[in-house]
Ligand code: DSN
């Protein structure tokens with residue numbers, strides 16, 4: 001990756017871009033929400049569509065010159081429809097948060113009620129955290145996972161819903177390692193007369209591949225990110241039924257956004273085409289197999305996993321018992337020095353803070369993209385263990401860095 005045009009104009013940015021390519025190539029990218037998109041997706045995202053304004057929707061724009069924008073957006077819509085089986089798809093949200101915003105804006109008035117999972121139990125800022133617009137505009141109540149098992153407490157959610165009488169119940173999470181029973185949440189939503197928003201940002205690829213139960217056809221609204229497990233162009237998506245199609249389209253544009261980022265929409269179209277190929281199902285299955293192998297080996301090595309393991313692409317490690325002197329932030333920093341990039345993460349029953357939490361979250365989508373299998377992931381678990389057992393030992397960090405480098409060389413990226 002030469003970035004030769006950038007280099008001619010701006011060597012400082014070219015150097016940083018090359019640094020980033022090297023960082024991704026030579027390190028283990030284990031932030032559960034990240035992935036490595038294909039060169040085809042990169043190409044589409046770096047295209048001349050960045051120049052184009054295309055407010056409106058295919059066939060009905062507020063600007064001229066949209067024939068190719070129309071073609072590409074329609075391809076993205078058709079492919080997403082085929083992947084997920086939704087009645088209506090909007091591919092314009094700039095991000096998963098913007099997708100959620102569109103649903104709230106379409107269906108709620110300020111002050112209406114949202115019931116969602118607490119951030120420290122695996123929820124997301126855009127589900128109602130007080131620091132986010134959602135927590136400030138709406139009346140938010142939050143449910144939690146079962147403190148004993150780390151699994152979602154569907155009965156607790158139903159009891160809370162009966163008491164709180166929400167207008168929207170949000171399911172779908174950012175740091176929840178278990179299968180989500182969307183139908184069970186829908187039953188509760190039906191009982192209390194609430195809409196159900198299933199935010200599958202993290203598991204969009206697993207759902208598309210049939211590796212995780214789909215909320216499409218169950219929940220009223222399904223939102224997602226398009227660059228995480230599904231590995232398409234960066235951004236968001238909203239899926240709904242014909243009944244709410246116009247409400248959602250108006251809430252995305254002009255309700256919450258101006259011109260769509262057509263270069264990203266092109267990246268979505270290309271990535272969705274890739275996700276329709278049979279190999280994508282193998283990728284999604286291997287991502288889960290890898291996360292299970294990673295989690296099992298971490299457990300064998302003495303770590304405590306929230307819920308005891310995983311059904312999806314991520315594991316959430318609670319360090320408090322096994323490493324009481326090491327915070328998630330300490331572990332994140334030491335691991336990054338060794339070339340293993342993940343994030344410190346809050347855990348259910350958090351006793352530290354969001355800035356220096358008690359856990360770490362690790363995902364396998366990006367490793368799986370570069371060809372890691374379960375043996376590799378067990379090796380990675382052993383490397384994580386060595387670093388977190390001795391986060392201040394420079395020689396351990398140096399040795400692990402070498403082994404990370406070897407693993408990366410065995411599984412090259414962006415050759
Ligand atoms: N920032 C993403 C994550 O890491 O889960 C969610 O938006």
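Quick note: the coordinates plus some simple rules give every number you see, no bench work behind them. Given the structure is predicted, the values throughout are model-derived calculations rather than measurements. Neighbour counts are summed over all protein chains in view; Cβ atoms, including those assigned to glycine, are modelled from backbone coordinates with ideal geometry.
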> Contour minus end-to-end for residue 179 and residue 149, with contour as 0.36 nm per residue of separation and end-to-end as the Cα-Cα distance?
Replying inline: 9.4 nm
>> Using a 7 Å offset from Cα along Cα-Cβ at residue 23, what residues in region 333-371 end up with backbone N under 16 Å from the label point?
In response: 333-344
> For the residues 299, 33, what sequence is obtained by ranking on other C-beta atoms within 10 Å, fewest first?
Replying inline: 299, 33
> Rounded, prolate or oblate: which fits region 1-144, taking a ≥ b ≥ c as square roots of the Cα gyration tensor eigenvalues, rounded meaning a/c under 1.5, else prolate when a/b beats b/c?
Replying inline: oblate
> How much length is gained on full extension from residue 413 to residue 289, taking 0.36 nm per residue of separation minus their Cα-Cα distance?
Replying inline: 42.6 nm
> Hull surface divided by four, with the convex hull built on the Cα atoms of region 238-340: how many nm²?
Replying inline: 10.9 nm²
> What's the extension gain from residue 38 to residue 139 if we count 0.36 nm per residue and subtract their Cα-Cα distance?
Replying inline: 32.3 nm
> What is region 285-415 by shape, rounded, prolate or oblate, if you read a ≥ b ≥ c off the alpha carbon gyration tensor as root eigenvalues and call it rounded for a/c under 1.5, prolate for a/b larger than b/c, and oblate otherwise?
Replying inline: oblate
> So what's the chain giving for Rg/Rh, alpha carbon basis, Kirkwood Rh from the mean inverse pair distance?
Replying inline: 0.97
> Based solely on its DSSP helices, what 222 nm [θ] is calculated for the chain when runs of n ≥ 4 H residues each add -39,500 (n - 2.57) and the sum is averaged over all residues, nearest 500 deg cm²/dmol?
Replying inline: -13500 deg cm²/dmol
